[in-house]
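Worksheet: one structure, shown below.
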Amino acid sequence: MAKSNKPTAPLTASISYEQLTQHWSVFETQILALLDTLDLADKALFCDHVALRVNSIASADALREAFSRMGNIISDNIINGRPILIIELDTPLTLGQFSIECVELPYPSDKAYPQEGWEHIELVIESTAEDCQTLSQDLITLCPTLKPLLQPAPSTPEFELYQAIKVKMSSPKGDKERLANPTIAFKRDNVCIKVHSHGIKAVIESEQLT
């Protein structure tokens, strides 16, 4: 399936499951530091999944096989023209205070990532937002210290503090999804934290609706 979708992607493996396990502690440290900077560490948010980035079909195929031995593929959907798998793990991953049940494994796109491996976690906020503007307001209500980042004013000291963090707002949607799920991403260096209003399992359930 994947080879027919992206025939131009490299066919040799570039990262292995063993390398992922070795890099987990470094990823955990970076994510927890970013959570602290964003003042989200104590907000009791639910982390519904962790996502990978790979540059080769061979790596994606090998990781698919490895993770399938430790759980079940609960979604195999096309998003922005490439397959993205969601694997529900038999034993959740632990990252700080979070117990993470699912792994997101996207197959390669035309974009080559500067660093492969663990790339982001996704947090769910209690919200009925259907667009990024509303989600942003709900996030500011939960965590007022994020206002300088979500509504920046360059002259404030807080803006200087957050300059190293890039913010991206989007509404990615799979071919079969029926649930609006706006997303706000906070990226620093090679790791990212995304916040959205619906968990991945709710999004997958929406695919079954006609």
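Things to note:
- Hey, Leu149 surrounded by 18 or more Cβ atoms within 10 Å (Cβ to Cβ), among the hydrophobic types (A, V, I, L, M, F, W, C), modelled with pLDDT under 90 and closer than 25 Å to Leu32 by Cα or not: yes
- Residue in the range 112-123 that is at pLDDT 85 or above, of a type in the set (Gly, Ala, Ser), over 16 Å from the mean Cα position of the chain (by Cα) and more than 24 Å from Leu35 (Cβ to Cβ) present: yes
- Meets criteria (in contact (Cβ under 8 Å) with a residue 60 or more places away in the chain and of a type in the set (A, V, I, L, M, F, W, C)) for Ile57: no
- Matching residues in the range 181-201 - criterion: being open to solvent by 40 Å² or more (accessible area, probe 1.4 Å) and either within 16 Å of Leu35 (Cβ to Cβ) or of a type outside the set (Lys, Arg) (or both): Lys187, Arg188, Asp189, Asn190, Lys194, His198
- Test: Ser75 is farther than 20 Å from Ile200 by Cβ and open to solvent by less than 20 Å² (accessible area, probe 1.4 Å): no
- Residue count, the range 22-61 (criterion: among the hydrophobic types (A, V, I, L, M, F, W, C), over 17 Å from Phe186 (Cβ atoms) and either in contact with a Leu (Cβ under 6 Å, 6 or more places away or on another chain) or open to solvent by less than 50 Å² (accessible area, probe 1.4 Å) (or both)): 6
The values are calculated or read from the model by the stated rules, or taken from the named source; none is laboratory data. The shown structure was predicted, so the numbers you read here are calculated from the model rather than taken from an experiment. As a convention, Cβ positions derive from the backbone with ideal geometry for all residues, glycine included, and neighbour counts pool all protein chains shown. Just so you know, the surface numbers come from the protein's heavy atoms only, side chains and all, with ligands and any DNA or RNA stripped out. Shrake-Rupley method; radii C 1.70, N 1.55, O 1.52, S 1.80 Å.
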